[in-house]
Amino acid sequence: MRSKFIGILFALSFFAVLEIVVRLTDVYYFEQPEVFFVNLKKNYVESGKADADIIVLGDSRSMALEGYVPKTDKEFSVYNHSLPAMGPKYYRFFLDKYLKAGNKKPKMVLFAASPKLYSSGYGPPLYDPSGKVVASNETVTEYITRRWKEGWEKNIFQSPKKENIIRYGGKQDDADQILWEFFGHRYLHQFSISELWNQYEGVERLFIITKAIPLLYQSYRFHGGIRNLISSSHWKLSKDYLAKSKFCENCKNVEAGLCMPPHSQREDNLIIQDQIERHLGKYNISNRVNPGLVALARVQAKEEAKNTSYNNDIASFEKPNYLVLEDLISYTNEKGIRFGFVYMPWIGVRENAPEVQYKLGELRKYLKTHPEVGAFFFPDSGYPIDLFVDNIHYDCRGETRVNAEFQNFVLPEVFRFLQNR
């Protein structure tokens, strides 16, 4: 009996020491890049040291936009706070956190968005991201009533049958579950459990809180980093890793396959940090992809674009839902911050599709009803498909073009807008 007690005490002591060590050290530098990226951005915001005049918000496509250091007194500093796969709901809460952390209040928020991000509202709830069952969040009472009405044939008291099964990373599971495992850390690592509680309500609140509770333990929060700590290969750090970081900003080097992530997770994350810091928040995740896979994805994207037929019936087009824009405009007005909208370029053949053009026309009409909002467009919103690695993300050359146009055409317009105001 005594030996069992000693064993339990030893185990508890071990985990207590581990928890303390993780809390006092930067274990997240050994995490997978997706988790590291979110925590790096989170720590920067919570430091209260951010001082950009203009902050950019957006998704994985707008992550490719580089920040800006003013060269004259008529220009403004820009920092990119875009995060991948977070969805539009977090923007207002991110801004609230940004201001409460003591960062300098920006003069403007630039929302760099693509059609789905600005015109589809907040979308289905987190617990049913594909909208197979519900289109919006439910109260607990509504959820219980719906589940009861679904009856025994819907497996109320059993695990539901998997309908949307996909394979990914050697796993086979429901698409929603795999998507949550891949993207869920964006929410859980960006916000504390109390922040998440205040952001959500109803069943969505219960869902996100149950996912967040285990992360109260830092040893669980960074379990991937702890696992990598065991391997000596992840501790290695090349003396020239900063030179490699700059070397891998050359498109020829990226396309030649010379810029694949190193085996050392610590070195990989330090390179990511270097690029984010030097380019004021910018990081093009496509540059990490194997060139062979990029070529394959590009062929598939071209084939899909070629075989896609577009609906020309305007009456059947989904009506834009500008709830995201309404909330952001209202919030920034309340805080005395200017709001600007940047329309991000997309694949030309898809950008020119009738429904996308319809939404663009409706967007222009909507923005005219808000004269206080700055609306900024690139010289051409449709890029050649060869500048993308898939249907969403710019490749290295696409990144180069979008930044050249952002700094030469878009930002001067933004600066004039702020000067005139």
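The values are calculated or read from the model by the stated rules, or taken from the named source; none is laboratory data. Everything numeric in this text was worked out from a predicted model, so none of it was measured. Ligands, DNA and RNA are excluded from the accessible area calculation, which covers all protein heavy atoms including side chains. Shrake-Rupley method; radii C 1.70, N 1.55, O 1.52, S 1.80 Å.
Tabulated results
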quantity	calculated
Nonlocal amide H pairs with R338, under 5 Å, H built at 1.01 Å	M108, V109
Compactness of the range 237-354, expressed as Rg and Dmax over alpha-carbon positions, Å	20.5, 61
From the C-alpha gyration tensor of the range 71-150, square roots of 5λ in Å	37, 15, 8
Nearby lysines by direct alpha-carbon distance to K359 (threshold 19 angstrom, same-chain neighbours under 8 apart not counted)	K116, K319, K368
Nonlocal amide H pairs with A375, under 5 Å, H built at 1.01 Å	F341
For I314, solvent-accessible area (1.4 Å; no DNA, RNA or ligand), Å²	100
Residue among L65, L110, L323 with the largest mean-square fluctuation in a Gaussian network model of the chain, springs linking Cα atoms under 10 Å	L323
Of (i) 193; (ii) 146; (iii) 133, the label for volume of the Cα convex hull per residue in Å³ derived from the coordinates	(i)
Area accessible to solvent at M260, 1.4 Å probe radius, in Å²	70
Inter-part distance where the range 3-51 and the range 295-356 are each reduced to a Cα centre, Å	39
Percent of beta bridges antiparallel (DSSP, the chain, rounded to nearest 5)	20
Cα gyration tensor, the range 313-400 - rounded (a/c under 1.5), prolate or oblate	oblate
Pairs beyond 27 Å (Cα-Cα), from K107/K252; K74/K105; K42/K104	K107/K252
Whole-Hz couplings from phi, Karplus 6.51/-1.76/1.60, listed for the range 328-340; x for Gly and Pro	5, 5, 4, 5, 5, 4, 4, 8, x, 10, 6, 10, x
Phi-based couplings in Hz for the range 196-209 (Karplus 6.51, -1.76, 1.60; Gly and Pro marked x)	5, 4, 6, 7, 10, 8, x, 5, 4, 5, 4, 4, 5, 5
3J(HN,Hα) from dihedral phi, the range 230-236, Karplus parametrisation 6.51/-1.76/1.60, rounded to Hz, x for glycine, proline	5, 8, 5, 5, 7, 8, 5
